[in-house]
Amino acid sequence: MLPSLGDTTMTTAKFTRKQFQAQYPDDAACLQAILQRRYGKAEACPNCGVVGKLTRIEGRRAFACKEGCHIYPCVGTIYEHSSTPLTDWFYAMYLMTATRNGVSAKELQRQLGVTYKCAWRIGHQLRILMAARDKAMNPGQLSGHVEIDEAYIGGKKRGRRGKGDYLKNKTTVLGIAQRDGQLRGQVVPNEQRVSVLPVIQQHVEKRATISTDENRIYMVLPSMGYEHGTVNHLHKQWRDGIHCTNTIEGFWSHLKRGIRSTHASVSRKHLQKYVNEFAFRYNNREAPADMFHRMLAQVVKT
């Protein structure tokens, strides 16, 4: 029996592998799930409107009504031009949502028994899907009390050099986290105001309270209509009244640890996808059992 079509599809705290295999044992069950997500439980053909049960066409990802109309549930989805079995796609999606640090392409290759090229593509398609679902669920700006901080991903520090040399081979990521709410992560060209401030204006509602560290790029936030407070990390100040950046720094710790332990390294070109992946898990932390079915719901909307 398929879960309900809403976002809160699982009543248990976890969506176990045994539950996954019971719901999606073969390609037919996966295709039926996509059909149901796309057209609901309608008793009529979505093409011609003829009432009657749809019949599965053997050997094809399609159904037929009594009048001969063919319905292709995978058209327009990430599965449309893929010859990879739907069970492999679904299992990869399950692995991506069931683990804290994600799954590398090499691990997908081993688990699915496909080529590395295929596993790499599946992983990136699912990360794009995560970003789309996150945007669909949280389309508005962040408000209330927001923490902002920047992180530097990749590269290596060699020798004793200045900050400019240290950042030369690193990619800057701006993180914006609402207290007890959602998180946004955006790769930016650098940490200059011209790159950072437009992102803040895009994602943070005016009159919100913003906490940052002592970085000078944030000093103009009050003139932009925000309440602003800082903590001075250089003097080992981690909290000043209501102001701190512990939430966003906790996310940076998890992101860096996840990349280092699971993927070893990621390219600057694809870093945004990995940031979106970890942000998706963070934003769905209150309902981890729902992540798989939320992604499945997004498949038919993308």
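The values are calculated or read from the model by the stated rules, or taken from the named source; none is laboratory data. Predicted, not measured: the structure shown is a model, and the values here were computed from it. Ideal geometry is used to build each Cβ from the backbone, glycine not excepted, and the neighbour counts take in all protein chains shown.
Of the candidates Lys14, Lys41, Lys53, the single residue that is under 22 Å from the mean Cα position of the chain (by Cα), at pLDDT below 90 and not in a helix (DSSP H, G or I) is Lys14. Restricting region 119-142 to residues that are of a type in the set (Lys, Arg) and modelled with pLDDT of 95 or more leaves a set whose member that is surrounded by the fewest Cβ atoms within 10 Å (Cβ to Cβ) is Arg121.
Only a single item in (1) in a loop (DSSP other than H, G, I, E, B); (2) surrounded by 15 or more Cβ atoms within 10 Å (Cβ to Cβ); (3) without any contact (Cβ under 8 Å) to a residue 12 or more places away in the chain is not met by Gln109, and it is number (1). So which residues in region 176-201 are more than 11 Å from Thr247 (Cβ to Cβ) and part of a strand (DSSP E or B), if there are any at all? Matches in region 176-201: Arg184, Gly185, Gln186, Val187, Val188.
So that you can scan it fast, the table gives a plain yes or no per residue for (1) closer than 16 Å to Thr172 by Cα; (2) modelled with pLDDT under 95:
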| residue | (1), (2) |
| --- | --- |
| Val194 | yes, no |
| Tyr218 | yes, no |
| Leu221 | no, no |
| Thr247 | no, no |
| Leu255 | yes, no |
| Ser261 | no, yes |
| Glu286 | no, yes |
| Ala297 | no, yes |
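Condition check ((1) closer than 28 Å to Phe90 by Cβ; (2) in contact with a Pro (Cβ under 9 Å, 6 or more places away or on another chain); (3) assigned by TED's automatic domain parsing to the domain that holds Gly181) across all residues:
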residue: Arg216; (1), (2), (3): no, no, yes
residue: Arg239; (1), (2), (3): no, no, yes
residue: Ile242; (1), (2), (3): no, no, yes
residue: Lys256; (1), (2), (3): no, no, yes
residue: Lys273; (1), (2), (3): yes, no, no
residue: His293; (1), (2), (3): yes, yes, no
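Checking each residue in region 234-287 for being assigned to a strand (DSSP E or B) and loosely packed, with under 13 Cβ neighbours inside 10 Å picks out only Asp240. Do the conditions hold for Cys74, that is, is it touching a Lys or Arg at 6+ places or on another chain (Cβ under 6 Å) and in a loop (DSSP other than H, G, I, E, B)? Judged against the criteria, Cys74 is a match.
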